[in-house]
Structures are given as structure tokens and as C-alpha cells.
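Trainee: Before I ask anything, let me first share the structure, which is written out below as C-alpha cells.
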Amino acid sequence: MRRVEQHKWDCKFFMFGNWNEWYLAQGYGGNATSFVQVRQQRQWQPPQRGWLKCNVDADFHNGETITSRGLCIRYDTGQLIYARGFSSLLLCNLVAKRLEKFRPTIFTQMSMLAIKHEAISLGQGCPNFDGPEFVKEAAIQAIRDGKNQYPRGYGVPDLNVAIAERFKKDTGLIVDPDNEVTVTTGCTEAIAATVLGLINPGDEVILFAPFYDSYNATLSMAGANIKSITLCPPDFAVPIEELKSNISKNTRAILINTPHNPTGKIFTREELNTIASLCIENDVLVFTDEVYDKLAFDMEHISIASLPGMFERTVTMNSLGKSFSLTGWKVGWAIAPPHLTWGLRLAHTFINFSTANPLQCGAVAALRAPDSYFVELKKDYIAKRAILVEGLKSVGFKVFPSNGTFFVLADHTPFGMENDVVFCKYLTKEIGVAAIPSSVFYFNPEEGKNLVRFAFCKDEETIKAAIERMKKKLKK
Amino acid sequence: MRVYNTTCCTHSLFRFMPSSKLLGYSNSNNFHSVISPSFSKTKTKTPKFSSFISATMSTVSTDKNQTHTHPLQVAKRLEKFKTTIFTQMSMLAIKHGAINLGQGFPNFDGPDFVKEAAIQAIRDGNNQYARGYGVPDLNIAIAERFKKDTGLVVDPEKEITVTSGCTEAIAATVLGLINPGDEVIVFAPFYDSYEATLSMSGANVKGITLRPPDFALPIQELKSTISKNTRAILLNTPHNPTGKMFTREELNTIASLCIENDVLVFSDEVYDKLAFDMEHISIASLPGMFERTVTMNSLGKTFSLTGWKIGWAIAPPHLTWGVRQAHAFLTFATSNPMQWAAAVALRAPDSYYTELKRDYIEKRAILVEGLKAVGFKVFPSTGTYFVVVDHTPFGHENDVAFCEYLVKEVGVVAIPTSVFYLNPEDGKNLVRFTFCKDEGTLRAAVERMKEKLRK
């Protein structure tokens, strides 16, 4: 695949392909010796000679193999036609600059690879078991009861109340359901709404790497100036000096995720106190993603909003999916004081307007679950974690301690592959187990090249089977 | 504390303000506090304002040692927008016990066969992350439906993206394909998320107003506005709020201008099944257009399930790319069980659609005849479940004032259309009613207006 220069209206390009089917095109304004087979109006046309004027205004993605994309080209006759390229063809997908450096998310890619190779997926963080019956039945009842029209944009009133009750139980904070709770389509949308609603282009935002991949993309969409602070193995502790030197009065916000995906770290009270005092001192907002708060095993989960002076500057985000094994329902929420709720609600209104009504009704039942549900959930996950961690250690991975979430990070270097992506592809294709390469969670992929993430949100047989496959076939 | 909006006043209640652009009004009595503020902490009736209104919020009395009010914070891209009119009017409806002919959602339920499909999907355990761009079977069902409707054959894997409602399709399309400074043309009046979403992307918005009585496309104005600098046109047909449907001639004109100037088209067609007096035409099906069009639609209007939030965008792969990238980071995926049910819905037999149209045509007749009898000047609505009327026979100074009066004194909610225009003046004579309500409700609303609404 060759490099292409980019011009707004005219374009030189060369493309490979099976010359029978596709075209070799030569640059504009020159001799026309091109054969083109194009699709126009969804009907195939015979090859035609004529010089091609390419009209694109996107950046070309260079040197990458992408299959089955299309290229817009325009005949000198002025008609726009659509020509489809052969695999390993250079593509010119039109995408806005704010997203041009992003690719299909790693989760989608690895899931598809796992399916293709029939691998046991310990990659994407969704359970292979179902959510609890009482929550499902509540949603079903809501559908039957006709709760199928637009709910209030910022949440079904009873859900906002249930979220507030739950938050009070968990943190002691009393929040106003109508003015301080906003329901979103999953925590991903809470993040998008918070960032797009409160961050201006050029605002400085601090992020801890490794991070969930939507943080980086969403901050890019907002034009933020991102400063990344890396959490390093073995304990992924917050590097306090580095934080102090990075945070300043110019910092607009800091994004934290605790319990932390992918490391499983839980921010300690000391760390949160340090972050809090720096934020108060420099007038910095905190956006905190706490979706795994119910999967806090070895220590207590602490919401930074509950620390003195912090509620007024914190957006606390959470969701239903992880706590109730219903990741596909996409019910999330953001809790924030009214002056921050304002911006995030506006963004939410125009991104999505509202979240699925009957599923919100199901969430109401979920959030009022008795304590025994959460105790059982933890017990269950602790058992699964043990199976996976012991298994990975016996296979030969160096496993880092994971205090929370349903993820564990492991160092794959004992197996001699050059980096995490190569290792994961090998693991999927040859061993039949899918994991996620963690380099995608870093600004500088080099920092993650030794680490891969496994998920244990699977039933015990599946985890055991994956371990068995690795024990058999994975050799140092 | 950083401040992103510059006004803050000592009033303790948040006032409804359709958008700050209305502050350009010269009349001083335009901004009565119409709506229960969403941030209000008190239950008292909101007093009227006769002058400049600004947003503030009440003191939050909590245990969090927060005893002072903070100015509201919002990023610049959204600072001129306020709470959506629909939410405000619906809340007002509840407050005053008014019949809600404002927000466009039915007061009857969706069909059982679709509901049962969702219930079955939940029971079957389809409750984990769906594939980001759509449950495979739904993508196929969407492609099948699109082929039936337009004749176009699209690839479910590469040309269809499922989103959380059409609102998210619009957000993903705009944020995924529009750069700051790109010129985008919209037709006013427009659904209120268009302007806000374009603002979020930093677009340079150019509005072309469709005017009563027929809201026809002003061709000369379009020709003089569109140029090679135009990046995209946002189209909505059948059109909310006017009920207009773009004719074949109009679409052909738009198409040829787009081809000539290499402009993309983002076409919102959520009401395509509520096309009553003429055939709905998807601009993507015109020659040379599929390559440059994103066609958006959703489940909610067609199947009376507006609260399920299942939508989609159909576009050639090189445009789908940008849409999917933005979608991946806005919501990542759409609710799984509802998608399964949507696939069933989209395979409904033709009789479902025939019945739907017949039903809405009857409802439209009840509302339109009723509004005429009451004394409104009613503009013909060819599609959607909305009708726009001129309220000036009743002597109120603008649409906001009229709607306020209608809610409080007459007990019926309508939507003031000025919020759907870049220049609110263009909409001050018009209000929008919806007829997606059961016939009893429509008749009751007409009765209330006959009784109490005086010229």
C-alpha cells in the first residue's frame, strides 16, 4: 500500500488490486491510462478509461491493512461514483479530525478475533451469565405496563430516587434526585456527557494511564489538552510527586476510575485525600468513574465525592451493568452538584435525550436489592478471581494483585513474545483464549507492552477451561 | 470557581428560557416564567418577569457544607442552549393537569408482538453488551426494510449502525463527520437537537427558513447559500414540526446542488411511515446520492415505543466509519434486548403500516377540524404526527406567551415553535400540536379549547 498525498479537491493515488476487478489509477491531470471498475447506483459498470479526479478531504490512513472499505472518486465528468477497493487498499474514510486517530475499539477487534478462532473470551468485560431474575422481571413488568414512551430526559423519577438512596447508603451523602442525578445510556454516555458538557477546547485534563479507552477519545472530542500520569506495576500506586508537578491552577479536571480498569487497583484513602487536597487547592474538578464499586474485594471502595470539600467539584459516575450482570442494558448515571449537573445534562439531552424507559424501571428494582445480593456478588467474584489468578500463576504469568473490578493484569513476557498485541493474537489463534492487550489503554503504548488483561466475569467452568487450554499449550 | 456562563442573578428560581437568542426580542413582556424550573427547590408559583431573564439555581440545602450558590458550568459549545423545550412543556402539563399535545410521544402503547419480543429477549438472556454497531439480526432487518422502502441494497455489516435513538444517530453523524468551521445548512424550523449538536461540533450553521403556508423549499435561497464550501445539509422529511414532506422535485433540486458542490446530506427520516398525503422519498435513493447520504431513522415513532431509544444510520462505508467512531465513544452500544425486539418489529407485515397510517389520518382529521373550529389558522400537514397553526387570531404577542396561556388557562399543551428557528422571530406566530394521542384525548383537548379559548 502506498502513501497518498492529501489535497482537498484533487488527489494522486495509487492502489493495488486484482487488476481484473479493480483499478490501477494514476494521478490526476496526467495521462489517463486507468482502468476502472466502479459501482454506480449499486449496479456494476464495465471498466472505463478516463482520468480520475479524486475528491476527498480526509486524512489518509497510511500503511495499514483495512479490508472492504470504499473510496469516493469522481470522474472528470463530474459525477460522484463509489468505487470499492480490494483488501489491503488504502482507504479514505471521511472522519472528523477530532476522531481521526482512533480505530475500531480494541474490544470490538478482539471479540471478533475470538469468535473467528472459537477462543474462550476472557477479553471484553461482560459476563457470560445472566443478570438476576428479579431485575429482569421488573423490566418485563414495565414493558407490560406500557412504560414504553419517552421518560423524563434526566431519568425516570423513581430511578433518580433509587440512585440517591443507594448513594446515601454507600457514601453517606444526601443528594437531590431531581437536581443532582442524571440517568444516561450507560456509564460511557455519562463520561461523554460530562466531558462534552463541561470541558472546553484547550482545557487541561489529567488522566491516569492505563485508562478505559473512551476517556481518551471523549477528551479528544472535546479538544482537551490531556496530561497522562502512568500507574506502574507492581502496585499501580498513584505517583504523588508526579501528580503534584502536573496539577496546577491551569488544570480543569482530573479523571479517576476506582476500582480501576484494567489494573484492579482501588484508590486508597490516602491517595484520594492527596488528590482531594490538590484539587481543592488548585480548583480542579474531579470526574470519577465508579462502575466497579460493588466489586471491591480486598478493601473498601471510597467515593472521592464524600471527602470534605469534594462534593461540590465532583461528578460521580456509575452504572447498572457491572453490578447486576446486565451490561447490555446500558443504564448509567452521573451524580453531581447542580452547577455541574447543568452542563452534563445539556450534553446528554443532545447526545441521547433519554435512556430506555422499561430498563430504567428494571434498574429501580436492582438498586433496591437487599444487602445479601451484594454480599453474594462479591463472594462469587472472589471465588472466580481465585481460580483465574491461581491458574494464571501456574501457567507461568506474573500476576499483579487485583483488589477490585473483574479484571486482572498479567505480565506475559515469560512467554517470549515481543509485545502485548502479538501475545494476545497468538493466545487467541494458537491457544484459543482471548485477552485484551493493555497497550491500548496507554498514551504511550510502550508502557503497556508487557501487560495483558484477563477478565473473570465468566462462570467457573469457563475460567477453568481457559486455564486448562493455557496450561496445555502455552509454553515459555 | 471557573464560570462558563456569565450571568448569575439572585433570584432563587430557574426560569425557562427557550434559548439566549430570544433575548434579542425588543418587546419587554415576552419572557414570562412559563415553566416549572427543573432546578427549582420551591413549590410556589413562579412570578412573572418583564425583563431580562438569566439562569441561576437555587441554594442546595444538603449535608455537604454547601451553603453558597455556584454559578452554573457548561462548556462553550453548549452555553447558548437551555433545557429542552419538550421537557419543560411536559413538566408544565403535569403541573397544570393539562392535556399534553406538546411533546411527540403517543399516549397509547406499542404493539404487543414487539413488546413480547423484547420480553422474550430479556428472558433468553440477551442482556450483555451488544455488538457496538448493532445486533447482527437487527442490522439485517434494517437492510431488508430499507430495500423494501427504497429499492437500495445496503450491506448490514458495513453500512448500518444502530444507535440509541435517532437523536444519537444525529449526534454520532455530526460529531463523527463535521469539523469545526465546516459549513452546514439546516432548514428552519428544525428539531432542536440539530442546532445544539452542530454547535457541539463547531460547525458554521446556515439556516434556510421554510415559510407558511406550504413551507416549500426556497430554491433560489438554497442556490445562493450552497457552495463548494458547504460540507453538509441536514434534511428532515417528513418534517417536524411543519408536517411538510419534501417533494420529488425539491429533493431532485437538493440532490443536484449537492452533487455539483460535493455536499453530504444527513437525512432524518424518523416519520417516514407517517407519510399520509404523498409518498415518502429517501434522498439516498436518487441518482448519485447514496454515496453522500447518511439516512437516519428509528423505531419509536413507527411503533409507538418512543421510550425504547432504538435508532440507526445507513450510509456508505466511508461515511459509516466516522459515524461509528463517534458512536463508539458516545454510548458504545445500544440496549441489547430492545434491539432484538426491533428486528421483529421491522419485519412487521404491510398491514401493520397500513393500519398505522389509517389510524393517524383519522386522528389528524379530528385535530385539524377541531383546531379550525376553534379559530386557528391551520397549515396543511402531509406527514408526521404534528400540525403547525397560526395562533395570532387569539391576540397574544408571541408563541411562548400563547402557549403559556394555553397551558394555564385552557389546560392544553402545545409547543411554541420559535425554539425551532435560528431567528425566533420567524416562529412567533406558530405553535405546534401533536395528534399522537388517542381519539378521546384529542377530542377532549379540542373541547377545552372551544370552551375557553377566545379570540
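The values are calculated or read from the model by the stated rules, or taken from the named source; none is laboratory data. Remember, predicted model here, so these are calculated numbers, not experimental data. As a convention, Cβ positions derive from the backbone with ideal geometry for all residues, glycine included, and neighbour counts pool all protein chains shown.
Trainee: So is A:Asn318 within 23 Å of A:Asp170 (Cα to Cα), among the polar types (S, T, N, Q) and within 14 Å of chain B (Cβ to nearest Cβ) or not?
Mentor: Criteria not met by A:Asn318.
Trainee: Would you say A:Ala162 is touching a Lys or Arg at 6+ places or on another chain (Cβ under 7 Å), surrounded by 21 or more Cβ atoms within 10 Å (Cβ to Cβ) and either more than 13 Å from every other protein chain (Cβ to nearest Cβ) or closer than 27 Å to A:Ala336 by Cα (or both)?
Mentor: yes
Trainee: If I filter segment A:130-153 down to residues being at pLDDT 95 or above and in a loop (DSSP other than H, G, I, E, B), which single residue comes out as farthest from A:Asp176 (Cα to Cα)?
Mentor: Selected residue: A:Asp130.
Trainee: May I pose another question? Considering only residues that are away from chain A (no Cβ under 14 Å) and not β-branched (Val, Ile, Thr), which ones fall in segment B:276-295?
Mentor: B:Phe276, B:Asp277, B:Met278, B:Glu279, B:His280 - these are the residues of segment B:276-295 that are away from chain A (no Cβ under 14 Å) and not β-branched (Val, Ile, Thr).
Trainee: Residues in segment A:318-326: is at least one crowded, with 24+ Cβ neighbours inside 10 Å and of a type in the set (Phe, Trp, Tyr)?
Mentor: The answer is yes; a qualifying residue exists.
Trainee: I need a count of the residues in segment B:92-124 that are more than 8 Å from chain A (Cβ to nearest Cβ), in a helix (DSSP H, G or I) and either in contact with a His (Cβ under 9 Å, 6 or more places away or on another chain) or not basic (Lys, Arg) (or both).
Mentor: Here the count works out to 11.
Trainee: Based on this model, can you work out whether B:Ala169 counts as under 30 Å from A:Leu196 (Cα atoms), part of a helix (DSSP H, G or I) and more than 10 Å from every other protein chain (Cβ to nearest Cβ)?
Mentor: Yes; evaluated as a whole, the condition is true for this residue.
Trainee: Now for a different question. State yes or no: is B:Phe379 crowded, with 24+ Cβ neighbours inside 10 Å and among the aromatic types (Phe, Trp, Tyr)?
Mentor: In short, no.
Residues checked against (1) assigned to a loop (DSSP other than H, G, I, E, B); (2) touching a residue at least 12 places away in the same chain (Cβ under 8 Å); (3) surrounded by 14 or more Cβ atoms within 10 Å (Cβ to Cβ):
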site: A:Glu446; (1), (2), (3): no, no, no
site: A:Val452; (1), (2), (3): no, yes, yes
site: A:Lys458; (1), (2), (3): yes, yes, yes
site: A:Thr462; (1), (2), (3): no, yes, yes
site: A:Met470; (1), (2), (3): no, yes, yes
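Trainee: If you don't mind, there's one more thing I want to ask. With the requirement that a residue be over 24 Å from the mean Cα position of the chain (by Cα), over 21 Å from A:Tyr292 (Cβ atoms) and free of Cβ contacts under 8 Å to residues at least 60 places away in the same chain, what does segment A:343-391 give you?
Mentor: Once the filter is applied, which keeps residues that are over 24 Å from the mean Cα position of the chain (by Cα), over 21 Å from A:Tyr292 (Cβ atoms) and free of Cβ contacts under 8 Å to residues at least 60 places away in the same chain, segment A:343-391 yields only A:Glu390.
Trainee: Pull out all pairs, ordered by first then second residue, where Cβ-Cβ is under 9 Å, the residues are six or more apart or on different chains, the first lies in segment B:127-155 and is more than 9 Å from chain A (Cβ to nearest Cβ) and on the phi < 0 side of the Ramachandran plot, and the second is of a type in the set (Phe, Trp, Tyr) and in a loop (DSSP other than H, G, I, E, B).
Mentor: Sorted first by the residue in segment B:127-155, then by its partner, the pairs are B:Asn139/B:Tyr133.
Trainee: Quick check: is even one residue across segment A:184-204 facing another protein chain (nearest Cβ under 7 Å), over 17 Å from A:Phe287 (Cβ atoms) and surrounded by fewer than 24 Cβ atoms within 10 Å (Cβ to Cβ)?
Mentor: Taking every residue of segment A:184-204 in turn, none turns out to be facing another protein chain (nearest Cβ under 7 Å), over 17 Å from A:Phe287 (Cβ atoms) and surrounded by fewer than 24 Cβ atoms within 10 Å (Cβ to Cβ).
Trainee: Let me ask you something else. Of the residues that make up segment A:211-224, is at least one modelled with pLDDT of 95 or more, touching a Gly at 6+ places or on another chain (Cβ under 7 Å) and either within 30 Å of B:Val323 (Cβ to Cβ) or facing chain B (nearest Cβ under 7 Å) (or both)?
Mentor: No, every residue in segment A:211-224 fails to be modelled with pLDDT of 95 or more, touching a Gly at 6+ places or on another chain (Cβ under 7 Å) and either within 30 Å of B:Val323 (Cβ to Cβ) or facing chain B (nearest Cβ under 7 Å) (or both).
Trainee: I would also like to ask the following. May I ask you to list pairs of residues, at least six apart or on different chains, whose Cβ atoms are under 7 Å apart, with the first in segment A:217-243 being within 28 Å of A:Leu196 (Cα to Cα) and of a type in the set (Gly, Ala, Ser) and the second being modelled with pLDDT of 95 or more and surrounded by 18 or more Cβ atoms within 10 Å (Cβ to Cβ)?
Mentor: A:Ala222/A:Val195; A:Ala222/A:Leu196; A:Ala222/A:Ile199; A:Ala224/A:Ile199; A:Ala224/A:Asp203; A:Ala224/A:Val205; A:Ser228/A:Leu207; A:Ser228/A:Ala209
Trainee: Same structure, new question: Go through segment B:126-157 residue by residue and tally those that are surrounded by 17 or more Cβ atoms within 10 Å (Cβ to Cβ) and assigned to a loop (DSSP other than H, G, I, E, B).
Mentor: Qualifying residue count for the region: 13.
Trainee: Looking for whichever is among the aromatic types (Phe, Trp, Tyr), in a loop (DSSP other than H, G, I, E, B) and either closer than 30 Å to B:Asp112 by Cα or within 11 Å of chain A (Cβ to nearest Cβ) (or both) here; the options are B:Phe215, B:Phe303. Which one fits?
Mentor: B:Phe303
Here is a yes/no grid of residues against (1) of a type in the set (Gly, Ala, Ser); (2) surrounded by fewer than 21 Cβ atoms within 10 Å (Cβ to Cβ):
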residue	(1), (2)
A:Leu359	no, no
A:Gly362	yes, no
A:Asp411	no, yes
A:Tyr426	no, yes
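Trainee: When the residues of segment A:99-122 are narrowed to those that are outside any helix (DSSP H, G or I) and within 9 Å of chain B (Cβ to nearest Cβ), which ends up modelled with the lowest pLDDT?
Mentor: Applying the filter and picking the extreme gives A:Pro104.
Trainee: Does any residue of segment A:170-187 turn out to be within 19 Å of the chain's Cα centre (by Cα), closer than 16 Å to A:Ala347 by Cα and not β-branched (Val, Ile, Thr)?
Mentor: Yes, segment A:170-187 contains a residue that is within 19 Å of the chain's Cα centre (by Cα), closer than 16 Å to A:Ala347 by Cα and not β-branched (Val, Ile, Thr).
Trainee: Exactly one of (1) at the interface with another protein chain (Cβ under 10 Å from one of its Cβ atoms); (2) more than 17 Å from B:Ile142 (Cα to Cα) is unmet by B:Thr320. Its number?
Mentor: Answer for B:Thr320: the failing condition is (2).
Trainee: Regarding segment A:123-142, can at least one residue be identified that is more than 10 Å from chain B (Cβ to nearest Cβ), within 22 Å of A:Ala465 (Cα to Cα) and surrounded by 23 or more Cβ atoms within 10 Å (Cβ to Cβ)?
Mentor: Yes.
Trainee: Anything in segment B:330-388 that is of a type outside the set (S, T, N, Q), within 14 Å of chain A (Cβ to nearest Cβ) and touching a Ser or Thr at 6+ places or on another chain (Cβ under 6 Å)? List them, or say none.
Mentor: B:Phe332, B:Tyr385
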